[in-house]
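First up is the structure itself, then whatever we jot down about it.
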Amino acid sequence: MIQIALDKLNQAREGCVGGGDDDLPLVGASVFMDRTSVTMGCGKMALDVEGLLCVENQMVTAVAADCPSPDMFLVAGCGSPERLEQLREVVKRNEKKMVTLEVPTTTGHYKKNDFETEIGFDIPTVIIRDGQIDEII
């Protein structure tokens, strides 16, 4: 679904007539934080592990699509300081970096590539609260 939405948005952007690349509209990928929470110490509410993996998966899927990456992530459901901190951790964990990947051989063993691969993303994350931009990470 994310790929289909990004494809449609990018096609719409290509159809825009403007004075140059700076005049084209931005393409954002919506990310929804699950409404279920677990109680942390002192009555604070945060996402459980599955909820965090869901948020991370939404972001990684949008970037891994076969179409151009979105210009920003728009995150809804980040209503508490604990959730905001968890979102910051997800963004930090997925920063753009170069790594040497290990790939399986035909015998099932893993071998390191001879080259580095870029992973992660460097896309602004916009937190939406009460229908307004609250913060940009």
Item to check | Reach of residue 97 by Cα under 17 Å, taken over aspartates and glutamates that are not fewer than 8 positions away in the same chain | outcome: 56, 89, 114, 116, 118, 122
Checklist entry - Does the range 74-137 come out rounded, prolate or oblate by the C-alpha gyration tensor, with a ≥ b ≥ c the root eigenvalues, rounded set by a/c under 1.5 and, if not, prolate when a/b is larger than b/c and oblate if not? => result prolate
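Readers should treat all values here as calculations from the given coordinates under stated rules, not as data from a laboratory. Keep in mind that what you see is a predicted model, and the values were worked out from it rather than measured.
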